[in-house]
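See structure below.
The values are calculated or read from the model by the stated rules, or taken from the named source; none is laboratory data. Everything numeric in this text was worked out from a predicted model, so none of it was measured. So basically every Cβ, Gly included, is an ideal-geometry build from the backbone, and we count neighbours across all protein chains shown.
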Amino acid sequence: GAVTKGAHHPNFGSNYPLRGLKNSPWEGATRCVAAIWSPLIKKPQRVDTHVMHVTDWVPTIYSAIGLNLTELRDVDGHDMWKTISEDADSSRTDLLYNIDPVVNYAAIRRGDWKYIDGTTPAKEDLWYGSSGKDKEYGYDQRLVLNSETAVAIAGVITSMQIKEKELLGKATNKSDFSKQLLKLETISELRKSATVTCPELNPEELHDNTKCKPLESPCLFNVKDDPCEMVNLAKTRPMILMNLEEQLMRVKKTMINIRNTPRDLLADPLNWNDTWIPWQDDEEVKKFKLSLQTPQSSIEEIKRVKKAIKISKRNR
């Protein structure tokens, strides 16, 4: 979700080659990468492409350290530990990206299919960012293997291999160990497997039937075949579109009211001698702070603003 250009706080991140910026329903705004290492992982040194949501981390970590998942009661997350450790099938098939009743957009995924209805400002709907493949700054795999992190991990793996050799006997070959040291060729293979590739399509040359205009009608993408969300399949796969639309409606029925509240002008540090402090104290404490830090004229202004806020709330 890096804000790479045109927004209030552009940075040097890149969503390449995915579509969209932060605060939008696109893959470039929501899809993340993660590097996971643990001696508990039974099938390491691989790229996992199973669907996982941030809410899955709590039950996954709970499971990894051997705690009882029933203690978590009703949570949205799924236990993904076997998927991470053993490359088992994921228990998660659906993923809700967001339902925003204020901006009025929503997105949901089931399997390889993603449904988008509405969006944020159009300036966040395109493809942004550098590929990071500048030849001037090449990727040196030897530096990776010689890094402090790699050396530390290699030490742990070597220790595990020694213990395993003691258990299996002196005739054990290096290839027989359950844990292997990282090699240069393995790094190349992993990087290639982890690279997102998209069809060589020019968005300007797409047929009107496959262009996505989410403010006019919902869009449908196969994000496995088309991770860059370039070809809208809503008109060619109407049944899948309808099924995802129905699923989204079912999820909407479980929503609770948003908790956003109007901004409290009393929180402004200008009211507190340019200091960020708690401002919702008991009245006596608040008066004491005001008397110490704020001129009398400002106290009267704060009272006036507070009174105006109360009147505004009553009139809603």
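Tallying residues that are more than 21 Å from the chain's Cα centre (by Cα) and at pLDDT below 95 within segment 218-231 yields 1. Residues in segment 51-69 include none that are charged (D, E, K, R), modelled with pLDDT under 95 and either surrounded by 14 or more Cβ atoms within 10 Å (Cβ to Cβ) or not in a strand (DSSP E or B) (or both). Annotation note: Cβ proximity below 9 Å between a residue of segment 228-240 that is farther than 24 Å from residue 30 by Cβ and a residue that is of a type in the set (Phe, Trp, Tyr) and in a loop (DSSP other than H, G, I, E, B) (sequence gap 6+ or interchain) occurs for no pair.
State yes or no: is residue 115 assigned by TED's automatic domain parsing to the domain that holds residue 196, modelled with pLDDT of 95 or more, outside any helix (DSSP H, G or I) and in contact with a Leu (Cβ under 6 Å, 6 or more places away or on another chain)? Here the answer is yes, as residue 115 does meet what is asked.
Only one entry of 138, 129 meets the criterion of being farther than 30 Å from residue 40 by Cα, at pLDDT 75 or above and over 27 Å from the mean Cα position of the chain (by Cα), and that entry is 138. Here is the figure for segment 76-104: residues that are buried (at least 20 other Cβ atoms within 10 Å of the Cβ) and under 20 Å from residue 240 (Cβ atoms) total 1.
Matching residues to (1) outside the structural domain of residue 189 (by TED's automatic domain parsing); (2) of a type in the set (Gly, Ala, Ser); (3) under 20 Å from residue 190 (Cβ atoms):
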{"site": "31", "(1), (2), (3)": "yes, no, yes"}
{"site": "34", "(1), (2), (3)": "yes, yes, yes"}
{"site": "50", "(1), (2), (3)": "yes, no, yes"}
{"site": "55", "(1), (2), (3)": "yes, no, no"}
{"site": "79", "(1), (2), (3)": "yes, no, no"}
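Of the residues making up segment 205-225, those that are of a type outside the set (D, E, K, R) and in a helix (DSSP H, G or I) are 209, 210. Taken over segment 26-49, the residue count meeting the criterion of being part of a loop (DSSP other than H, G, I, E, B), charged (D, E, K, R) and under 27 Å from residue 222 (Cα atoms) is 3. No other residue among 268, 282, 274 is closer than 30 Å to residue 101 by Cβ and either surrounded by 12 or more Cβ atoms within 10 Å (Cβ to Cβ) or at pLDDT 65 or above (or both) apart from 268.
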